[in-house]
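To start, the structure itself, in structure tokens.
The values are calculated or read from the model by the stated rules, or taken from the named source; none is laboratory data. A quick note: this is a predicted structure, and the numbers were derived from the prediction, not measured. Counting neighbours? That spans all protein chains shown, and the Cβs are built from the backbone with ideal geometry, glycine included.
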Ligand SMILES: Cc1cc2nc3c(=O)[nH]c(=O)nc-3n(C[C@H](O)[C@H](O)[C@H](O)COP(=O)(O)OP(=O)(O)OC[C@H]3O[C@@H](n4cnc5c(N)ncnc54)[C@H](O)[C@@H]3O)c2cc1C
């Protein structure tokens, strides 16, 4: 192959996890290539623009690290581009709401400042293995194939195609292979908040029931998730879910996106005609593609279980805190549940071992491909957690290269110490409660 590139670290995927991994590794002085298949960083955050960063405040304290830094940068802008708000939905703690375009621009700038070589519109396709090592990765952009040879590969692709091809075992969805619904979101702007949010039911269920019975809304829209957007008079509509879609199949994703957009336009029309406050509002920030919640979950040295969560386990190798409910979205039927898993004010941590495969010695992964059982997965997948998982792998890459060892032999104490030094709260002796 003509085009060959070298790096210390190859990060695959520029979602919240890939952002965390690449910035953290770059700041350690490593030569980092970040490949993102689309034209923007953010991943799901870019596909469902304006989606709040949830579970950022376990025990009412920000999780810190890169998430804290990004939030602070946005909050300190004039005018501020982010703020902490209570979530209107049951069992979710406070969340961070932000201006989507300013946030993604700031993330890109943080990547640049960390010296990361960001390659948009470029995909990792196939690993070449040498025993238990990924020797190089075949990639593709509009000019054709190229290879990246990297000492460490961090898979932050959400779907784990590369890891699966490298031989990492995985499971899909719940134990029967059902995955959560994929979602097209949008904003309405020009909404009279006072009129709309005078409604006591956060799901606007009786309005939705009428729309469904009159065949003006899809039957899966029994609950309308309408939340105040960051800018006054804007409303984020996170309601249109398409079920039974294989998020690793581009054809299925294209079809689901088209179907989702159709239902979004139908819903926008319904909001204008039926929901107080929307009569002169209009749609903006429609998803460019559906947001995919769940595909593969890779097997790692440790699998997080729902029992771990319920006990509020704080692992010796915990790398980020979480208090998200079990946020299940239409996995096997049209139900949407978000049951609390820890008591209010409590939290659990996500262990580093759930980001480390047993069988490939220079590979880590982070984000929604974390190793978790189906119920635990429904809680651990928040964007603040994904970003901090990434941050941990970026630091771990530096430690691994320094020790000239394998990722499995990482000095966990040094990792936790460095994460704490970088402001990640609630780990080890600095537990939040
Ligand atoms: C509809 C929806 C609503 C949600 N609501 C919330 C919420 O309110 N609050 C919250 O905190 N979390 C929420 N979540 C969960 C959260 O958004 C995700 O779990 C999180 O964003 C996943 O981040 P990630 O970086 O692991 O993966 P992704 O965001 O999926 O990013 C993966 C990236 O990798 C790229 N990629 C994939 N394959 C390749 C390849 N081979 N080469 C190069 N690039 C590749 C993709 O293009 C993508 O940009 C929601 C998720 C969805 C889908």
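May I ask you to verify whether residue 61 is in contact with a strand residue (DSSP E or B) (Cβ under 7 Å, 6 or more places away or on another chain) and more than 13 Å from the ligand (Cβ to nearest atom)?
Answer is no for this residue.
Regarding residue 355, is this residue within 22 Å of residue 13 (Cα to Cα) and in contact (Cβ under 8 Å) with a residue 24 or more places away in the chain?
For residue 355, the condition - within 22 Å of residue 13 (Cα to Cα) and in contact (Cβ under 8 Å) with a residue 24 or more places away in the chain - is met.
Can residue 71 be described as within 12 Å of the ligand (Cβ to nearest atom), closer than 17 Å to residue 386 by Cβ and under 20 Å from the mean Cα position of the chain (by Cα)? So that I can check it myself, show each step before the final result.
On the way: within 12 Å of the ligand (Cβ to nearest atom): no; closer than 17 Å to residue 386 by Cβ: yes; under 20 Å from the mean Cα position of the chain (by Cα): yes.
No.
Taking the stretch 258-297, which residues are within 16 Å of the ligand (Cβ to nearest atom), surrounded by fewer than 21 Cβ atoms within 10 Å (Cβ to Cβ) and not in a helix (DSSP H, G or I)?
Once the filter is applied, which keeps residues that are within 16 Å of the ligand (Cβ to nearest atom), surrounded by fewer than 21 Cβ atoms within 10 Å (Cβ to Cβ) and not in a helix (DSSP H, G or I), the stretch 258-297 yields 285, 286, 288, 289.
Scan the stretch 53-76 residue by residue and report those that are within 26 Å of residue 260 (Cβ to Cβ) and modelled with pLDDT of 95 or more. Break it down stepwise before answering.
Taking the stretch 53-76 first, the residues within 26 Å of residue 260 (Cβ to Cβ) are 53-55.
Residue satisfying the conditions is 53 alone.
Does residue 51 count as within 16 Å of the ligand (Cβ to nearest atom) and assigned to a helix (DSSP H, G or I)?
Values: within 16 Å of the ligand (Cβ to nearest atom): yes; assigned to a helix (DSSP H, G or I): no.
When the stated conditions are applied, residue 51 does not pass them.
So, residue 66, is that one closer than 18 Å to residue 368 by Cα, assigned by TED's automatic domain parsing to the domain that holds residue 98 and away from the ligand (no atom under 11 Å from the Cβ) or not?
Yes: the conditions hold for residue 66.
Let's see how each residue does on (1) surrounded by 23 or more Cβ atoms within 10 Å (Cβ to Cβ); (2) within 13 Å of residue 153 (Cβ to Cβ); (3) assigned by TED's automatic domain parsing to the domain that holds residue 235:
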| residue | (1), (2), (3) |
| --- | --- |
| 11 | yes, yes, no |
| 18 | yes, yes, no |
| 36 | yes, no, no |
| 46 | yes, no, no |
| 56 | yes, no, no |
| 60 | no, no, no |
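Among (1) in contact (Cβ under 8 Å) with a residue 60 or more places away in the chain; (2) more than 7 Å from the ligand (Cβ to nearest atom); (3) more than 30 Å from residue 239 (Cβ to Cβ), which single condition is residue 35 missing?
Unmet condition: (2).
Does residue 30 satisfy the criteria of being in the same structural domain as residue 379 (by TED's automatic domain parsing), touching a helix residue (DSSP H, G or I) at 6+ places or on another chain (Cβ under 7 Å), away from the ligand (no atom under 15 Å from the Cβ) and not in a strand (DSSP E or B)?
yes
Tell me, please, whether a residue that is within 15 Å of the ligand (Cβ to nearest atom) and either assigned to a loop (DSSP other than H, G, I, E, B) or farther than 30 Å from residue 138 by Cβ (or both) can be found in the stretch 3-22. Give the derivation first.
As a first pass, look at the stretch 3-22 and keep what is within 15 Å of the ligand (Cβ to nearest atom): 5, 7, 9-22.
With either assigned to a loop (DSSP other than H, G, I, E, B) or farther than 30 Å from residue 138 by Cβ (or both) added as a condition, the list becomes 13-14.
Yes.
What residue, among those in the stretch 93-114 that are under 19 Å from the mean Cα position of the chain (by Cα) and part of a loop (DSSP other than H, G, I, E, B), is modelled with the lowest pLDDT?
Among those that are under 19 Å from the mean Cα position of the chain (by Cα) and part of a loop (DSSP other than H, G, I, E, B), it is 93.
Count, please, the residues in the stretch 156-182 that happen to be more than 8 Å from the ligand (Cβ to nearest atom), farther than 13 Å from residue 371 by Cα and touching a helix residue (DSSP H, G or I) at 6+ places or on another chain (Cβ under 7 Å).
1
Which condition number does residue 90 fail, the rest of (1) part of a strand (DSSP E or B); (2) farther than 19 Å from residue 36 by Cα being met?
Condition (1) is where residue 90 drops out.
State yes or no: is residue 252 over 25 Å from residue 67 (Cα atoms), buried (at least 22 other Cβ atoms within 10 Å of the Cβ) and either in contact (Cβ under 8 Å) with a residue 24 or more places away in the chain or assigned by TED's automatic domain parsing to the domain that holds residue 187 (or both)?
Criteria not met by residue 252.
Of the residues 209, 198, 166, only one is more than 25 Å from residue 289 (Cα to Cα) and buried (at least 19 other Cβ atoms within 10 Å of the Cβ); which?
166
Do any helices (runs of 4 or more DSSP H) entirely within the stretch 298-416 hold 2 or more residues that are within 24 Å of residue 60 (Cβ to Cβ), within 16 Å of the ligand (Cβ to nearest atom) and touching a strand residue (DSSP E or B) at 6+ places or on another chain (Cβ under 9 Å), and if so, which?
374-380, 383-403
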